[in-house]
1. Those residues that are in contact with a helix residue (DSSP H, G or I) (Cβ under 9 Å, 6 or more places away or on another chain) and surrounded by fewer than 16 Cβ atoms within 10 Å (Cβ to Cβ), I need them from the stretch 161-189; list them, please.
2. Can you confirm whether the stretch 73-83 contains a residue that is in contact (Cβ under 8 Å) with a residue 24 or more places away in the chain, under 29 Å from residue 167 (Cα atoms) and crowded, with 17+ Cβ neighbours inside 10 Å?
3. If residue 113 satisfies all but one of (1) under 17 Å from the mean Cα position of the chain (by Cα); (2) surrounded by 21 or more Cβ atoms within 10 Å (Cβ to Cβ); (3) in a helix (DSSP H, G or I), what's the number of the condition it fails?
4. Just one of 36, 9 is at pLDDT 95 or above, closer than 21 Å to residue 146 by Cα and buried (at least 24 other Cβ atoms within 10 Å of the Cβ); which is it?
5. Can you say whether residue 53 is crowded, with 23+ Cβ neighbours inside 10 Å and either within 19 Å of the chain's Cα centre (by Cα) or modelled with pLDDT of 95 or more (or both), as far as the supplied structure shows?
6. Pick from the stretch 118-142 the residues that are in contact with a helix residue (DSSP H, G or I) (Cβ under 8 Å, 6 or more places away or on another chain) and in a strand (DSSP E or B): which of them is surrounded by the fewest Cβ atoms within 10 Å (Cβ to Cβ)?
7. Residue 140 versus (1) more than 14 Å from the chain's Cα centre (by Cα); (2) in contact (Cβ under 8 Å) with a residue 12 or more places away in the chain; (3) over 29 Å from residue 41 (Cβ atoms): which is the lone unmet condition?
């Protein structure tokens, strides 16, 4: 399993994916699951994946190869809108599943899910969650974060603190790291390093993937500060009026 998170905010998009993959407890590896497709000034797109690694790598490789094939029906660089680009990603995922799913099912789950986000010149920034069937949903100002993989542990903090209109890009990075940290603490199948991109809306500038290792100074500081603040907050909450819960001074 893995964890992928996309935050859709007024100012842009923050996408993060872990890098752990395993085929049993004795075969654990680090693999990049965040891919970029970029034409600076024209289109900036990012794809994060969860699920069967062979499936997700095949989809990413096919999409990358077809960006060099003018006129191809699934050439992302020729998509007129992000909706059309998401349709292309879904079509390629369906293509890979059709070709391999029946052969893989006897050995494991061939399915995959993906987060796809970015912007094409002439329209706004978009974020999508693409399912194994190739269909997808789009993030909105109401449904402003999308998750794939092991999502339940990292969701509560986002429900409480993330907002489309008021969360800054800097705070979105903090919340992404805290969401991943909560997942790491509760699930062994998710672990650093994490790969993250931050895209500022309407910039159409090339992205670089920032990798957060377990020892990353900023990640460590965020984790430590949040844990300390949480303990202090609990201590400052109203005390319940319940006999036996308050230590007697006498």
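1. Passing the criteria: only 161.
2. Yes, some residue in the stretch 73-83 is in contact (Cβ under 8 Å) with a residue 24 or more places away in the chain, under 29 Å from residue 167 (Cα atoms) and crowded, with 17+ Cβ neighbours inside 10 Å.
3. Against the list (1) under 17 Å from the mean Cα position of the chain (by Cα); (2) surrounded by 21 or more Cβ atoms within 10 Å (Cβ to Cβ); (3) in a helix (DSSP H, G or I), residue 113 comes up short only on (3).
4. On the way: 36 fails: buried (at least 24 other Cβ atoms within 10 Å of the Cβ).
Only one candidate qualifies: 9.
5. no
6. In this case the residue turns out to be 138.
7. The number of the failed condition is (3).
The values are calculated or read from the model by the stated rules, or taken from the named source; none is laboratory data. These numbers were taken from a predicted model, which means no experiment stands behind them. Note that we place each Cβ from the backbone using ideal geometry, even for glycine, and neighbour counts take in every protein chain shown.
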